[in-house]
Structure formats: C-alpha cells, structure tokens
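Taking it in order: structure first as structure tokens, then the write-up.
The values are calculated or read from the model by the stated rules, or taken from the named source; none is laboratory data. Keep in mind that what you see is a predicted model, and the values were worked out from it rather than measured. Neighbour counts are summed over all protein chains in view; Cβ atoms, including those assigned to glycine, are modelled from backbone coordinates with ideal geometry. The accessibility values were calculated without ligands, DNA or RNA, using every heavy atom of the protein model including side chains. Shrake-Rupley method; radii C 1.70, N 1.55, O 1.52, S 1.80 Å.
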Amino acid sequence: ALAEESRTLSTVLLELDVEEFQRPTNCPPWDLKELVVHTAASIGLRGDLPDPEPRAPLVSAADYYRRPERATPTYRRRNVESGQDLAADLPEGMTAAAMFDQTWRETVSRLRDQDPDRRVQIAAAGGSMRLADWTVTRVISVAAHGLDVALTLGREPWTTSPALTVMRGVFLSLLGAALPSELTWDDQRLLEVATGRRALTDQDRKDLGS
C-alpha cells in the first residue's frame, strides 16, 4: 500500500513544472514545495527502526493519532517550520519531487524484507509499535498529503485502493464505532472527512450523532 500510494503521488509530482511548486496549499503557510518536502520527511528512514525500550507501551496506529500534543499550537508550529527549513535547505539540483521519489523508494526497500509483526520503538508515539501499524501511519501521511496536492492542483483525488483498504480500520478505530447505516461514504469519502480535507455537512453530523 505504501509503495503503490507513493508511486502514484510521485508520478504526479515528477510531471509538474518548477513554478507549480510555488503554489499556496490548503496547509498554510506551506507552498507546494514545502508540503512535498514535509511529506517526504515524514516517511524517510535513515536506518532500521530501533528495538523497543524495556516496558515501552504498545501503541496502535489509531493511538498514534490520539496523542494530545498533536492538537497544540507548538506541535503545528514545529511541523510548519521544519517543512520550511527542509525545503530551503534542499541540495543544489535536488527538486522536491526528486526528493520524494528517492525517499519513498529507499523507505519501501528497507521495509520489504522486515517482519511486519516486529515491535519497534517510535519516539514520536511515546512507545513501541508493530512495524505494520507504523507503516500504515506512513500510508496515511502520503494519502492525506496526496489529497492536499490534488486540491492544490485542482485535480480529482488519485488515492489507490490498497491505501484506502489499510487506512479504513484506523479511521473507524478513531471514530470508536462502525459508520452509521445512514452514511453512504465510500473509503475515499471516509479518508477525506477523517483527515479534515472535506468538511462534515449538517446531515453528516446528524447521522454521526454524539
């Protein structure tokens, strides 16, 4: 799923003109270059993930997104500034598209031969995660920011079926229930609403209830 989603996004990015990376995005204050560099950094691996620390709690993919600091201005500001700094410091001759393409390929190559059930230490999560669960969070990163790229370019979303399949369980876990029968969302709509790329309607709120 990570390979398919990343390859699809990379294909779009590599066809863009340099000027298009200066477009403002729906993730202000980032322009498209900063957004893409942030996305690349979010899935980058410089080496194998470390073994878990003794007594480290096991964190699920959904728990990764329940961390309270994610809702703080400090967390958002740190993300914004990191993306801006990385974009400003790209090596000469390296484009944001090339950085993303190189990064996803290296990450997928590192992950392919590893045991998906292996527990690894994820500092950002405050504990350990199954490698498969951590990888799903990387799929969500690429898919959600892929939606941002599509919105920026005025294109229809291109989210892949493998990505939609593995993300669904995380979003339902965060919701804490099955989708009400009144909602007729497909997995694409669920991704868009769950990640805030599509606003809930009044009818959606009524159907979801508390």
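Check segment 152-173 and report whether any residue there is touching a strand residue (DSSP E or B) at 6+ places or on another chain (Cβ under 9 Å) and either farther than 26 Å from Trp134 by Cβ or surrounded by 11 or more Cβ atoms within 10 Å (Cβ to Cβ) (or both).
Taking segment 152-173 as the starting set, the residues that turn out to be touching a strand residue (DSSP E or B) at 6+ places or on another chain (Cβ under 9 Å) are 152.
This time we only want the ones that are either farther than 26 Å from Trp134 by Cβ or surrounded by 11 or more Cβ atoms within 10 Å (Cβ to Cβ) (or both), so: 152.
So far as segment 152-173 goes, yes, one or more of its residues are touching a strand residue (DSSP E or B) at 6+ places or on another chain (Cβ under 9 Å) and either farther than 26 Å from Trp134 by Cβ or surrounded by 11 or more Cβ atoms within 10 Å (Cβ to Cβ) (or both).
Suppose we keep only residues that are among the small types (Gly, Ala, Ser) and surrounded by fewer than 19 Cβ atoms within 10 Å (Cβ to Cβ) within segment 117-126. Which one would you say is farthest from Glu53 (Cα to Cα)?
Pass one, segment 117-126, residues among the small types (Gly, Ala, Ser): 123-126.
From what is left, the residues that are surrounded by fewer than 19 Cβ atoms within 10 Å (Cβ to Cβ) are 123-124, 126.
Working: Ala123: 10, Ala124: 14, Gly126: 10 Å.
Here the answer is Ala124.
For segment 156-210, how many residues meet the condition of being acidic (Asp, Glu) and in contact with an Asp or Glu (Cβ under 6 Å, 6 or more places away or on another chain)? Total meeting the criteria: 2.
Mind telling me which of the residues Ala61, Ala41, Ala56, Ala87 ends up being in contact (Cβ under 8 Å) with a residue 40 or more places away in the chain, under 27 Å from Leu13 (Cβ atoms) and more than 16 Å from the chain's Cα centre (by Cα)? I'd like the intermediate steps shown before the answer.
Values: Ala61 fails: more than 16 Å from the chain's Cα centre (by Cα); Ala41 fails: more than 16 Å from the chain's Cα centre (by Cα); Ala56 fails: under 27 Å from Leu13 (Cβ atoms).
One residue alone meets the criteria, Ala87.
Arg70 meets each of the listed conditions (1) touching a residue at least 60 places away in the same chain (Cβ under 8 Å); (2) closer than 28 Å to Ala194 by Cα apart from (1). Within segment 179-186, does at least one residue satisfy the condition of being modelled with pLDDT of 95 or more, open to solvent by 50 Å² or more (accessible area, probe 1.4 Å) and closer than 22 Å to Tyr65 by Cα? Checked segment 179-186: at least one residue is modelled with pLDDT of 95 or more, open to solvent by 50 Å² or more (accessible area, probe 1.4 Å) and closer than 22 Å to Tyr65 by Cα.
Of the listed requirements (1) touching a residue at least 12 places away in the same chain (Cβ under 8 Å); (2) part of a loop (DSSP other than H, G, I, E, B), Val142 misses just one: (2).
Only one of the numbered conditions (1) in a helix (DSSP H, G or I); (2) more than 16 Å from Ser141 (Cβ to Cβ) is not met by Pro54, and that is (1). Within segment 75-100, the set of residues being among the polar types (S, T, N, Q) and either open to solvent by less than 40 Å² (accessible area, probe 1.4 Å) or not in a helix (DSSP H, G or I) (or both) comprises just one member, Thr95.
Could you go through segment 23-45 and let me know if any residue there is small (Gly, Ala, Ser), open to solvent by less than 40 Å² (accessible area, probe 1.4 Å) and not in a helix (DSSP H, G or I).
So the first thing to find is which residues in segment 23-45 are small (Gly, Ala, Ser), and the list is 40-42, 44.
Filter once more, so that each one left must be open to solvent by less than 40 Å² (accessible area, probe 1.4 Å): 40, 42, 44.
Checking the rest, the ones that are also not in a helix (DSSP H, G or I) come to 44.
Scanning segment 23-45 turns up at least one residue that is small (Gly, Ala, Ser), open to solvent by less than 40 Å² (accessible area, probe 1.4 Å) and not in a helix (DSSP H, G or I).
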